[in-house]
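Novice: The structure's right below; bear with me while I get my questions together.
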Amino acid sequence: MTYYEIAKSRYAALGVDTEAALSKLAEIPIGIHCWQGDDVIGFDGAGGLSGGIQTTGNYPVRARTFEELKADIRMAFSLIPGKKRLNLHASYAILGEDAGKTDRDGYTFKHFLPWVEFAKELGLDGIDFNPTFFGHPRVKDGLTLSSPDEGTRTFWVEHGRRCMEIAAELGKAFQKPCLVNIWIPDGFKDVPADRLTPRLRLKKSLDEILRGYDKEWVIPAVESKVFGIGVESYTVGSNEFYQNYAATRGICCLLDNGHYHPLEYVSDKIPALLAFYDKVALHVTRGVRWDSDHVVLFEDEIKEIAKEIVRNDATDKVLIGLDYFDASINRIAAWATGARNMQKALLYALLLPNGRLKTLQDEANFTALMTVQEECKTLPFGAVWEEYLSRCGVRGADWPDAVRAYENTLGRN
Ligand code: RNT
Ligand code: ZN
């Protein structure tokens, strides 16, 4: 018997079908963020990061051009099993002859066509999209959609509207709806005098962005945040603001697990939102003491998040995307580690006797609920994971060797 066959029978004894788990896993798309490859810098030359998000580290060989980023994505994706989507920020526009002439309020689908071609070449499931409301000179006094300066506010509204149009085309190009996530950096470092008016302006701006969007191909989402570096005292787009906004406008909430107080868990928020929303979007990250965007590891909270997706039968309701950026290590290894861990967590959840565990809870058999869950932790999960990688044609534990070999061929610095 092979390692996998032994595992299969071990799981079968618990009533878990490993084959069903493997087929299900292969169907769950993961949105992989383009911005891990270049420290969230982008191509539109608008400037470095600003507004409460920060990349730390200066590991060499980051991708500096479209060609370099494509090569790195190709390499990273070859190490990631399963169904993949590419998550793009508007700042990765390929402006060509429009460079220096067209600003973010003038971007159109043509500036993203080279990305569509690339995603098709890689056989991806689709592209998700994000307006980029940061790292740009038109961010005025730290504000965008909530700015009291009407010229600034309308510039960013127009950017948002353009992005909705681009997203509709992206959706059509892949015949899969495109998730458009709105995150803005707006907030104040110190105690504000007025917490309401900026929120009213944000509400108005969002309404303007959402006016007449293509409901068939675009899934709009709003992402809240508790605080950012330099924006510690007040965040315009807070959790309560966006949850109410999304609920009243029939759009989606995006939960980033780095964006809450350390003892608030996104795994618990997923089922709370599933009770009211048809779809919930995620940014899976790992915050170390703050929203530090460390690489996702195979740790408890990511397992818990995956369990909430799987056992609530919500694999087509929860839109999974990754959002981390570590510039202190090889960026391809960062991409591959986090994306593989998301897949691992989903497989781990798919291999639990979820029906039986729910029954134990309903029967108030809390002793068995605890002991069965504990026993599951030492089942031969690794054998099923390795089987998955080999069926997907993706390298196993020696994958970092491939990254090192690739890195040695680059000669970028
Ligand atoms: C920032 C948000 C946001 C960004 C990306 C680049 O705190 O998490 O989602 O990380 O859009
Ligand atoms: Zn995020």
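The values are calculated or read from the model by the stated rules, or taken from the named source; none is laboratory data. Since we're looking at a predicted model, the values are computed, not measured. When we count neighbours, we look across all protein chains shown, and the Cβ atoms used for this are built from the backbone with ideal geometry, even at glycine.
Novice: When Leu360 is evaluated against the numbered criteria (1) within 25 Å of Lys84 (Cβ to Cβ); (2) surrounded by 16 or more Cβ atoms within 10 Å (Cβ to Cβ), which criterion, by number, is the only one it fails?
Specialist: For Leu360, the exception is condition (1).
Novice: From Lys110, Lys120, Lys140, grab the single residue that is more than 22 Å from Leu179 (Cα to Cα) and at pLDDT 95 or above.
Specialist: Lys140
Novice: Of everything in region 193-216, what is in a loop (DSSP other than H, G, I, E, B) and either within 16 Å of ligand 2 (Cβ to nearest atom) or of a type in the set (A, V, I, L, M, F, W, C) (or both)? Give them in sequence order.
Specialist: To start, the set of residues in region 193-216 that are in a loop (DSSP other than H, G, I, E, B) comprises 193-195, 211-216.
Residue satisfying the conditions is Ala193 alone.
Novice: Quick one: is Leu88 in contact (Cβ under 8 Å) with a residue 40 or more places away in the chain, out of contact with any strand residue (DSSP E or B) (no Cβ under 7 Å at 6 or more places or on another chain) and not small (Gly, Ala, Ser)?
Specialist: Against the criterion (in contact (Cβ under 8 Å) with a residue 40 or more places away in the chain, out of contact with any strand residue (DSSP E or B) (no Cβ under 7 Å at 6 or more places or on another chain) and not small (Gly, Ala, Ser)), Leu88 does not qualify.
For (1) under 14 Å from Pro131 (Cα atoms); (2) in contact with a strand residue (DSSP E or B) (Cβ under 8 Å, 6 or more places away or on another chain); (3) within 15 Å of ligand 1 (Cβ to nearest atom), each residue gets a yes or a no:
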residue: Asn181; (1), (2), (3): yes, yes, yes
residue: Val191; (1), (2), (3): no, yes, no
residue: Pro198; (1), (2), (3): no, yes, no
residue: Arg201; (1), (2), (3): no, no, no
residue: Val236; (1), (2), (3): no, yes, yes
residue: Glu240; (1), (2), (3): no, no, no
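Novice: Then there is this: Of (1) touching an Asp or Glu at 6+ places or on another chain (Cβ under 7 Å); (2) over 14 Å from Ala76 (Cα atoms), Ala334 satisfies all except one. Which?
Specialist: The single condition Ala334 does not satisfy is (2).
Novice: Let me ask something else about it. Taking the stated definitions as given, is Ile80 within 30 Å of Leu347 (Cα to Cα), more than 16 Å from ligand 2 (Cβ to nearest atom), under 22 Å from the mean Cα position of the chain (by Cα) and part of a loop (DSSP other than H, G, I, E, B)?
Specialist: In short, yes.
Novice: Collect the residues in region 279-292 that are under 18 Å from the mean Cα position of the chain (by Cα), more than 12 Å from ligand 1 (Cβ to nearest atom) and either polar (S, T, N, Q) or surrounded by fewer than 18 Cβ atoms within 10 Å (Cβ to Cβ) (or both), keeping them in residue-number order.
Specialist: Val288
Novice: Suppose the filter is buried (at least 24 other Cβ atoms within 10 Å of the Cβ) and touching a Ser or Thr at 6+ places or on another chain (Cβ under 9 Å); does Ile166 pass it?
Specialist: yes
Novice: Also, quick follow-up: Across region 41-63, what is the number of residues that are buried (at least 18 other Cβ atoms within 10 Å of the Cβ), within 21 Å of Tyr107 (Cβ to Cβ) and touching a residue at least 60 places away in the same chain (Cβ under 8 Å)?
Specialist: Number satisfying all stated conditions: 7.
Novice: Residue check: is Ala383 surrounded by 10 or more Cβ atoms within 10 Å (Cβ to Cβ), in contact (Cβ under 8 Å) with a residue 12 or more places away in the chain and touching a Phe, Trp or Tyr at 6+ places or on another chain (Cβ under 6 Å)? Steps first, please.
Specialist: Details: surrounded by 10 or more Cβ atoms within 10 Å (Cβ to Cβ): yes; in contact (Cβ under 8 Å) with a residue 12 or more places away in the chain: yes; touching a Phe, Trp or Tyr at 6+ places or on another chain (Cβ under 6 Å): yes.
The answer is yes for Ala383.
Novice: On the basis of being without any contact (Cβ under 8 Å) to a residue 60 or more places away in the chain and in contact with a helix residue (DSSP H, G or I) (Cβ under 8 Å, 6 or more places away or on another chain), does Glu97 make the cut? Let's see the steps before the verdict.
Specialist: Numbers: without any contact (Cβ under 8 Å) to a residue 60 or more places away in the chain: yes; in contact with a helix residue (DSSP H, G or I) (Cβ under 8 Å, 6 or more places away or on another chain): no.
Answer is no for this residue.
Novice: State the number of residues belonging to region 317-338 that are more than 16 Å from ligand 1 (Cβ to nearest atom) and either in contact with a strand residue (DSSP E or B) (Cβ under 9 Å, 6 or more places away or on another chain) or polar (S, T, N, Q) (or both). First the steps, then the outcome.
Specialist: Start the filter on region 317-338 by keeping residues that are more than 16 Å from ligand 1 (Cβ to nearest atom), which leaves 317-318, 328-330, 332-333, 336-337.
With either in contact with a strand residue (DSSP E or B) (Cβ under 9 Å, 6 or more places away or on another chain) or polar (S, T, N, Q) (or both) added as a condition, the list becomes 317-318, 328, 330, 337.
Selection size over region 317-338: 5.
Novice: Tell me which of these Phe66 doesn't satisfy, since it passes every other one: (1) over 20 Å from Asn181 (Cβ atoms); (2) crowded, with 17+ Cβ neighbours inside 10 Å.
Specialist: Single failed check for Phe66: (2).
Novice: Then there is this: In this structure, is Glu121 under 19 Å from Ile166 (Cβ atoms), more than 16 Å from ligand 1 (Cβ to nearest atom) and over 21 Å from the mean Cα position of the chain (by Cα)?
Specialist: no
Novice: Working only within region 169-192, note down all residues that are part of a strand (DSSP E or B), surrounded by 23 or more Cβ atoms within 10 Å (Cβ to Cβ) and among the hydrophobic types (A, V, I, L, M, F, W, C).
Specialist: Cys178, Leu179, Val180, Ile182
Novice: Return the pair list, or none, for Cβ contacts closer than 8 Å from residues in region 18-40 that are in contact (Cβ under 8 Å) with a residue 40 or more places away in the chain and part of a loop (DSSP other than H, G, I, E, B) to residues that are among the aromatic types (Phe, Trp, Tyr) and crowded, with 20+ Cβ neighbours inside 10 Å, at least 6 apart or on different chains.
Specialist: Qualifying pairs under 8 Å: Gly37/Trp335; Asp39/Phe325; Val40/Phe325.
Novice: Return the total of residues in region 328-340 being within 17 Å of Leu69 (Cα to Cα) and assigned to a loop (DSSP other than H, G, I, E, B).
Specialist: Going through region 328-340 one residue at a time, the tally reaches 2.
Novice: While we're here: Please go through region 349-386 and pick out each residue that is within 19 Å of Ile302 (Cβ to Cβ), of a type in the set (Val, Ile, Thr) and assigned to a helix (DSSP H, G or I).
Specialist: Once the filter is applied, which keeps residues that are within 19 Å of Ile302 (Cβ to Cβ), of a type in the set (Val, Ile, Thr) and assigned to a helix (DSSP H, G or I), region 349-386 yields only Val384.
Novice: Also, quick follow-up: For region 117-140, how many residues meet the condition of being closer than 18 Å to Ser91 by Cβ, away from ligand 2 (no atom under 16 Å from the Cβ) and touching a Cys at 6+ places or on another chain (Cβ under 9 Å)? If you could, list the steps in order and put the result at the bottom.
Specialist: If we filter region 117-140 for residues that are closer than 18 Å to Ser91 by Cβ, which is where we start, we get 118-119, 127-140.
When the remaining residues are screened for being away from ligand 2 (no atom under 16 Å from the Cβ), the result is 118-119, 127, 136-140.
From what is left, the residues that are touching a Cys at 6+ places or on another chain (Cβ under 9 Å) are 127.
Number satisfying all stated conditions: 1.
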